[in-house]
Every structure is written in C-alpha cells, then in structure tokens.
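J.: Here you go, one structure.
The values are calculated or read from the model by the stated rules, or taken from the named source; none is laboratory data. This is a predicted model, so every value here is computed, not measured. With ideal geometry, Cβ positions are generated from the backbone for all residues, glycine too; neighbour counts draw on all protein chains shown.
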Amino acid sequence: MSFFEELNSLIQDSPTRLVAVSKTKSVSEIMVLYNQGQRIFGENKVQELVEKYEELPKDIQWHLIGHLQSNKVKYIASFIQMIHSVDSLKLLFEINKEAKKSNRIIPILLQMHIASEETKFGLSLKELFEILEYYTAPNSELKNIEIQGLMGMATNTQDEQIIRTEFKELKNTFESVKKTILLSKENFNELSMGMSSDYKIAIQEGSTMIRIGSLLFGSRN
Ligand SMILES: *Cc1c(COP(=O)(O)O)cnc(C)c1O
C-alpha cells in the first residue's frame, strides 16, 4: 500500500480530511494523486497556486495554507476554496472586498499562534477575540467571508508532549469559541492542524484537516 492509501484508510471513518500540500511540486506529480482520487490540494504561494489552478482540472479544491499578503488576494478570490492562514483583520477585510467583487463567500480559517517559536505567524487569543467581535457585530460588513474554523502549527520539535499540548490548546480555543461567540454559526467546524511530522498526534487531538506535503510527494529542496 502507498502512503496515500494508508493515510486514506486511516482517516476514512473519521471527520479528518486530507489537504495534499503540493507546493514546489509539478503539475504531473499533482496529477498522480488526482488520478487516485485526491481533490483537495494546498499551496502556500499565490503565484504558484494561480499557475497550477490554470493548468489543472477545475474540480480541484485549492486551499491556501501559507501567509497571504493583502495585495495578492485579488488573484485568488474568484476560485479559492479555503484560506487557512488569515492572521489579521486587515487581511480579512481585503478578502471580504475581493470576494464581494467575485460575488462569492470565501471560507476562511483564522490562524492561531500556538507554537513556542517566535517566528511562526498567527493570532494571539486577544487578537482572535477582536476579529470575532467585528465578525459577529450586528452591522458587520464581513458578509463575503465565512469563518469556518481555526488553524495552527505546532512547535517544530521531537517532543511529542509539547506538540500534543499545543494541539489540545488549539482544540480548547476552538470548542470554547464554538460554544459561545460563534454559537449561531453552524459552519464553524474546522480545525486545521497536523503536517507530515505530527499528523498522527493532530488526528488524536481532533484535527479535521491534516496538511501533508513531504510524506505524500517526497521531500522538497
Ligand atoms: C509546507 C506546509 C505544510 C506541509 O508540510 P510537510 O511537513 O511537508 O507535510 C503544512 N502546512 C503549512 C502551513 C505548510 O506551509
């Protein structure tokens, strides 16, 4: 069995879905997984994403998983299926504006800072609550985005306990937001966590979307 098949049998009876992270990989490498049934692919650079979108079958669901600059939202707004990496109110308003132009409601995840490393992007709890306050305000302009969940990246460490604790914390934040501020938003259901090095822990801790690149496609240069 290939790793792709093993992974699919691991998650087939669970709420977890696979985002195949195809950054730096060619369209022909992507087609190998496409031909085995994979439809959700994740990219982290806008230009590369747009090029692949143009060349590849139109039933692929493209997810942006990497840091997004506001001035690039316009290139993906017409087709992107989900943006995992929203980490500012400014970006959220920009996505909303471009989604409106395309007459769409774009599903997004808010990226939380859960790792102990300084360098990783993501929101603090305080920033999360600020954004949710704008989103849930009765007169909110944010009508063309839908916040469907949270995303996070754990610390890059061999210490499983650290990773598990960070995923648990993200899950707790997700649950408490779902039960309170976003109680009326029935599509707030996604928890995007887990990559090649830590997806098993992420699944155990309640991930609904694992983002896997190197284990599927081989390591990147
Ligand atoms: C590259 C990337 C992944 C996949 O990483 P692998 O270790 O290759 O599985 C997942 N999430 C994000 C945000 C990434 O940039």
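J.: Only one of (1) out of contact with any helix residue (DSSP H, G or I) (no Cβ under 8 Å at 6 or more places or on another chain); (2) assigned to a loop (DSSP other than H, G, I, E, B) is not met by Ser196, so which one is it?
T.: (1)
J.: Which condition number in (1) touching a Gly at 6+ places or on another chain (Cβ under 9 Å); (2) without any contact (Cβ under 8 Å) to a residue 40 or more places away in the chain; (3) among the small types (Gly, Ala, Ser) is the one that Ala137 fails?
T.: With respect to (1) touching a Gly at 6+ places or on another chain (Cβ under 9 Å); (2) without any contact (Cβ under 8 Å) to a residue 40 or more places away in the chain; (3) among the small types (Gly, Ala, Ser), Ala137 is out only on (1).
J.: Regarding Phe129, is this residue among the aromatic types (Phe, Trp, Tyr) and either within 17 Å of Thr208 (Cα to Cα) or part of a loop (DSSP other than H, G, I, E, B) (or both)?
T.: Criteria not met by Phe129.
J.: For Gln61, only one of the following conditions fails: (1) touching a Leu at 6+ places or on another chain (Cβ under 7 Å); (2) within 16 Å of Met209 (Cα to Cα). What is its number?
T.: The single condition Gln61 does not satisfy is (1).
J.: Name the single residue, out of those in region 99-123 being among the hydrophobic types (A, V, I, L, M, F, W, C) and part of a loop (DSSP other than H, G, I, E, B), that is surrounded by the most Cβ atoms within 10 Å (Cβ to Cβ).
T.: Step by step, filter region 99-123, then rank; the result is Ile114.
J.: List every residue pair whose Cβ atoms lie under 8 Å apart, where the two residues are 6 or more positions apart in sequence or sit on different chains, the first residue falls within region 39-50 and is more than 17 Å from Met151 (Cβ to Cβ), and the second residue, located anywhere, is more than 12 Å from the ligand (Cβ to nearest atom) and of a type in the set (Lys, Arg).
T.: Val46/Lys72
J.: Here's something else I'd like to know. Could you list all residues from region 18-30 that are loosely packed, with under 15 Cβ neighbours inside 10 Å and either in contact with an Asp or Glu (Cβ under 6 Å, 6 or more places away or on another chain) or within 14 Å of Arg211 (Cβ to Cβ) (or both)?
T.: Within region 18-30, just Val27 meets the criteria.
J.: Given the condition among the small types (Gly, Ala, Ser), touching a residue at least 24 places away in the same chain (Cβ under 8 Å) and not in a loop (DSSP other than H, G, I, E, B), answer yes or no: does some residue in region 83-91 qualify?
T.: Yes: region 83-91 contains one or more residues that are among the small types (Gly, Ala, Ser), touching a residue at least 24 places away in the same chain (Cβ under 8 Å) and not in a loop (DSSP other than H, G, I, E, B).
J.: With respect to the numbered conditions (1) within 15 Å of the ligand (Cβ to nearest atom); (2) in a loop (DSSP other than H, G, I, E, B), which one is the sole condition not fulfilled by Leu33?
T.: (2)
J.: For residues that are among the hydroxyl-bearing types (Ser, Thr, Tyr), surrounded by fewer than 16 Cβ atoms within 10 Å (Cβ to Cβ) and more than 9 Å from the ligand (Cβ to nearest atom), tally how many sit in region 177-219.
T.: 2
J.: Quick check: is even one residue across region 61-70 out of contact with any Phe, Trp or Tyr (no Cβ under 9 Å at 6 or more places or on another chain), surrounded by fewer than 15 Cβ atoms within 10 Å (Cβ to Cβ) and either at pLDDT 95 or above or closer than 29 Å to Glu133 by Cα (or both)?
T.: Yes, that holds for at least one residue.
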